[in-house]
Amino acid sequence: MITTLSAEAFALNPIRFNVSFKEPQAHYAEITMKIGDVKEEYIDVKMPVWAPGSYLVREFSKNVEGFGAKDASGSLLDSRKVTKNTWRISTKGVKEVVVNYRIYAFEVSVRTSFIDASHAFLSPTGVFMYVDKQINRPSEVTIIPHKAWSTISTGLMEKEGQPNTYIAENFDILFDAPIEIGNQDVFRFTAAGIPHEVAMVGGGNYDKERLGRDMAKIVESATAVFGENPNQKYVFIVHNYQSGGGGLEHLNSTVLGASRFSYASESGYKSFLGLVAHEYFHLWNIKRLRPEALGPFNYDQENYTTDLWIGEGFTAYYDNLLVRRAGFYTEDNYLQMLAADVTAVENRPGNQLQPLSESSFDAWIKYYRQDENSLNSIVSYYNKGALIAMMMDLKILQATKGQKGLNDVMREAYNEFYKKEGKGYSDAAFKTLAEKVAGTSLTDLYDLVNNAGTPEYNKYLQCVGLELIDLNAGYETPDIGIKTSTTDGKLIVQNVIRGGGAWNAGINVKDELIAVNGYRIDAAGKELDRVIQATNIGDILKVLVSRDGIIQELTVKIQASKMGKYTFMPIENSNAEQQKLREKWLAEQ
């Protein structure tokens with residue numbers, strides 16, 4: 001979110017940071033923070049505990065070492081830690097305070113800092129501190145690269161006349177601007193009238209010319225939804241790993257994880273374009289068009305919202321749809337991916353237990369802290385939110401005879417809440433606006449958001465001449481309801497499915513499966529599969545397990561598998577109106 005500067009913030013000089021790297025091979029950065037215009041008897045400096053866009057308290061202050069404070073002449077000032085992420089400095093009447101500390105950075109992800117001899121990636125909420133109650137104060141960051149590094153990539157604005165120095169009008173903007181320092185391979189393209197920079201880190205078999213051309217198509221496709229692109233520039237920081245993935249959105253940049261040798265395969269390449277589309281769409285949806293709880297941020301604690309099914313779920317709907325509209329997927333390809341979302345949602349017992357609104361609110365303690373029982377207890381606001389978006393899109397298309405769709409809702413919401421009002425939306429306000437665009441009630445869809453369960457997908461799909469089919473319907477496949485993995489040559493239970501035979505019999509996660517009906521089970525589980533496939537529904541298995549070193553035998557009743565496999569099929573004899581709406585929904589732009 002862009003925060004408006006207060007008169008007080010304008011009156012204060014920027015807080016100035018110097019970032020240097022004396023020991024990058026040991027994963028450290030040295031930070032100097034100069035705070036001027038000090039008037040108080042003491043000041044509190046704080047480190048955020050989380051990174052916007054990633055809804056987990058990560059305790060970034062755990063990586064701080066060697067905190068100390070001096071006055072401008074170099075004399076030590078008393079400082080002490082007063083909370084887990086707050087240091088209090090006694091100012092003794094001085095007007096300027098100089099803070100020094102080190103950051104340890106060795107966690108590979110798109111949301112955490114990482115430093116080694118080859119490069120430094122700075123995720124700002126885990127690097128830069130701020131003065132309490134001065135979040136709106138300007139800042140200035142000077143990067144002193146290690147002598148082996150030559151390039152800096154960031155969405156921050158450069159300070160004219162000062163090399164490697166960047167400015168932010170407030171700390172919300174600083175915290176929303178990751179920085180890559182190293183020898184990254186940089187290429188550029190222009191799309192939607194905006195210059196874009198792509199910083200490729202870690203090598204790979206990518207083709208820069210092809211990527212630039214195709215990423216530009218994604219940018220144009222996303223911009224077409226909202227009718228404008230609010231950036232002056234945009235930066236993609238791409239970390240290429242042996243095996244990587246994921247992304248994190250920022251105001252005018254994004255950080256993407258990718259597998260360095262996946263670009264040569266069509267599936268890997270198009271998957272990367274889908275990730276580009278997802279994170280780029282976020283520059284509107286959630287960075288500017290946002291739930292009211294997500295800005296201004298409280299960096300000290302969780303910021304709860306029930307609307308991540310819009311912020312993340314709608315974005316997950318648009319990502320592959322934008323790739324389709326840009327011409328990279330056929331209609332069948334796209335429908336297969338939508339069907340995979342249905343399969344993922346409907347094969348989670350948690351879908352029958354947790355409403356989408358609760359999934360969003362509890363992201364901090366459940367979605368980002370999944371365990372062996374999460375399959376049974378939660379639903380993803382990403383893929384189920386995407387399915388709600390699909391159904392809303394279809395309902396609006398039908399209600400307006402193809403004149404409007406979800407694009408119109410997103411554009412109107414962006415204009416109303418971000419551009420006109422400059423604030424976030426409430427549940428009720430977004431629903432009211434969407435219904436105004438649709439010209440019809442959307443209460444049925446909001447009931448699906450606020451209550452757990454399976455939607456009537458075909459109620460919405462029929463208007464485009466499609467129906468959802470479960471290919472497993474009518475078949476009774478024997479199953480005991482577990483997921484396993486092989487660890488140290490042993491077959492270990494990873495998940496027990498709610499209501500299945502193993503669940504009812506008391507098989508536990510971490511049990512080692514040793515034998516079934518008197519026959520030794522191999523570590524790959526092939527013998528277990530053979531025995532189960534040879535049974536009938538209602539048969540009994542004797543399963544020998546080792547639990548914490550104690551051998552015991554459990555009686556498991558075979559049940560029919562509850563797992564579905566979904567696909568979209570055309571309705572026979574669909575009419576011209578249905579075909580027209582389907583083309584309106586899925587046509588290339």
Quiz prompt | chymotrypsin sites (Phe, Trp or Tyr not before Pro) restricted to DSSP loop in the range 260-296 with at most 16 other C-beta within 10 Å | solution = Phe261
Quiz item: Given the Cα atoms of the range 428-576, and with Rh set as the inverse mean 1/r over their pairs in the Kirkwood sense, what is Rg to Rh to two decimals?
Solution: 1.18
Exercise. Over every pair of different alpha-carbon atoms in the range 198-258, take the mean of 1/r and invert it; report that Kirkwood radius in Å.
Key: 12.7
Practice problem: Please work out the Kirkwood hydrodynamic radius for the chain, using every pair of different C-alpha atoms, and report it in angstroms with one decimal place. | Solution: 26.5
Quiz item: Restricting attention to the alpha-carbon atoms of the range 217-291, what are Rg (one decimal) and Dmax (integer), both in Å?
Solution: 12.8, 38
Quiz prompt | Hits among aspartates and glutamates - C-alpha to C-alpha of Lys34 under 14 Å, sequence gap 8 or more where chains match | solution = Asp44, Asp71, Glu96, Glu140
Self-check item: Simple spin-label estimate for Asn164 and Met569 in nanometres, 7 Å along Cα-Cβ
Solution: 6.5
Quiz prompt | Kirkwood-Stokes translational diffusion coefficient of the range 280-431, alpha-carbon pairs, 20 °C, 1.002 mPa s, µm²/s | solution = 131
Self-check item: D_trans [Stokes-Einstein, Kirkwood Rh over alpha-carbon pairs] for the range 550-589, 37 °C, 0.692 mPa s, µm² s⁻¹
Solution: 214
Exercise. Find how much the distance from Lys22 to Glu65 grows on full extension, using 0.36 nm per residue of separation minus their present alpha carbon separation; answer in nm with one decimal.
Key: 14.0 nm
Quiz item: Tell me, in nm to one decimal, what length is gained between Lys423 and Glu41 on full extension, where the rule is 0.36 nm per residue of separation less the Cα-Cα distance?
Solution: 134.0 nm
Quiz item: With a sphere of radius 13 Å drawn around the Cβ of Tyr28, what net charge do the other residues whose Cβ falls strictly inside it have (Lys, Arg +1; Asp, Glu -1)?
Solution: -2
Quiz prompt | Förster radius 60 Å - calculated FRET efficiency between Asp488 and Ala576 (Cβ-Cβ, nearest 0.05) | solution = 0.45
Practice problem: Among Asn240, Tyr318, Val276, flag the residue with its Cα farthest along the positive direction of the charge dipole of the chain, charges on Cβ as +1 for Lys/Arg and -1 for Asp/Glu. | Solution: Asn240
Quiz item: Counting other Cβ atoms within 10 Å, which GluC sites (Glu not before Pro) in the range 142-188 have at most 13 and lie in a DSSP loop?
Solution: Glu160
Practice problem: Consider a paramagnetic label point 7 Å from the Cα of Tyr104 along Cα→Cβ; state which residues of the range 37-81 have an amide N under 19 Å from it. | Solution: 47-50, 58-68, 81
Exercise. Tell me the GluC sites (Glu not before Pro) within the range 463-564 that lie in a loop according to DSSP and have at most 15 other beta-carbon atoms within 10 Å.
Key: Glu476
Quiz item: Rg (Å, one decimal) plus Dmax (Å, integer) for the alpha carbons of the range 48-167?
Solution: 15.7, 43
Exercise. Taking a cut-off of 22 Å between Cα atoms, list the lysines near Lys510, but don't count ones fewer than 8 places away on the same chain.
Key: Lys366, Lys483, Lys490, Lys526, Lys542, Lys557
Practice problem: Let me know the volume per residue of the alpha-carbon convex hull for the range 501-589, in Å³. | Solution: 193
Quiz item: Label Ala560 and Arg80 with points 7 Å out from Cα along Cα→Cβ: what is the distance between them in nm?
Solution: 6.9
Quiz prompt | For the chain, accessible area per residue (1.4 Å probe, heavy atoms of protein chains only), Å² | solution = 42
Quiz item: Which of the lysines could a cross-linker span from Lys431 if the Cα-Cα distance has to be under 23 Å and same-chain partners fewer than 8 positions apart are dropped?
Solution: Lys287, Lys384, Lys395, Lys401, Lys404, Lys419, Lys420, Lys423, Lys459
Self-check item: Charge context of Ile152, other residues only, Cβ under 10 angstrom, K/R +1, D/E -1
Solution: -2
Self-check item: Value of [θ]222 nm, deg cm²/dmol, for the chain, DSSP H segments ≥ 4, -39500 (n - 2.57) each, nearest 500
Solution: -8000 deg cm²/dmol
Quiz item: Based on Cα positions only, what radius of gyration and what Dmax would you give for the range 506-556, in angstroms?
Solution: 10.7, 32
Quiz item: How large, in percent, is the carbon and sulfur part of the accessible surface of the chain at a probe radius of 1.4 Å?
Solution: 47
Exercise. For Asp116, tell me the accessible area in Å² from a 1.4 Å probe, rounded to the nearest 10.
Key: 40
Self-check item: Cβ-based net charge around Val545, under 12 Å, with every Lys or Arg adding one and every Asp or Glu removing one
Solution: 0
Practice problem: Above 27 angstrom, tally the Cα pairs of the range 152-286 and express them as a % of all pairs, no decimals. | Solution: 16
Practice problem: Place a +1 charge on the Cβ of each Lys and Arg in the chain and a -1 charge on the Cβ of each Asp and Glu, then give the dipole magnitude about the Cα centre in debye, rounded to the nearest 20. | Solution: 600
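The values are calculated or read from the model by the stated rules, or taken from the named source; none is laboratory data. What you are looking at is a predicted structure, and each value in this text was computed from that prediction instead of being measured. We place every Cβ from the backbone using ideal geometry, glycine too, and count neighbours over all the protein chains shown. Please note that ligands, DNA and RNA were not included when accessible areas were found on the heavy atoms of the full protein model with its side chains. Shrake-Rupley method; radii C 1.70, N 1.55, O 1.52, S 1.80 Å.
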